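Chemist: The structure follows.
The values are calculated or read from the model by the stated rules, or taken from the named source; none is laboratory data. No experiment lies behind these values; they were computed from the predicted model shown. As a convention, Cβ positions derive from the backbone with ideal geometry for all residues, glycine included, and neighbour counts pool all protein chains shown. Each accessible area value is taken on the protein alone, full model and side chains, heavy atoms only, with ligands, DNA and RNA left out. Shrake-Rupley method; radii C 1.70, N 1.55, O 1.52, S 1.80 Å.
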Amino acid sequence: MVFKESVILAIKLARKQQRELVVGRQEGRWEIMPLDDSRSDQLSPSLIVTGDGIKYPEDEDLFARLVAEGA
């Protein structure tokens, strides 16, 4: 799955599950993990999403940069 699709899916899942999720790259793949999963610390680059969207403004900048790069 490409980055942008992963973020959209994570937002939908976060809304449904009512929890924060992390979208990040691990071993060349974009992964979605719960924020409270210790493995989410291994994802890089990564951003946190909630049911309302991307959690932090600096993550919105990262999102825009990665989409522009074709991630």
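Chemist: Considering only segment 35-48, state which residues are open to solvent by less than 60 Å² (accessible area, probe 1.4 Å) and under 17 Å from residue 1 (Cα atoms).
Modeler: 43, 45, 46, 47
Chemist: Let me ask something else. Using beta carbons and a limit of 6 Å, which pairs, at least six apart or on different chains, have the first residue in segment 6-34 and surrounded by 16 or more Cβ atoms within 10 Å (Cβ to Cβ) and the second one aromatic (Phe, Trp, Tyr) and in a strand (DSSP E or B)?
Modeler: The qualifying pairs are 6/30.
Chemist: How many of the residues in segment 22-39 are under 19 Å from residue 71 (Cα atoms) and in contact with a strand residue (DSSP E or B) (Cβ under 8 Å, 6 or more places away or on another chain)?
Modeler: Adding up the residues that qualify gives 8.
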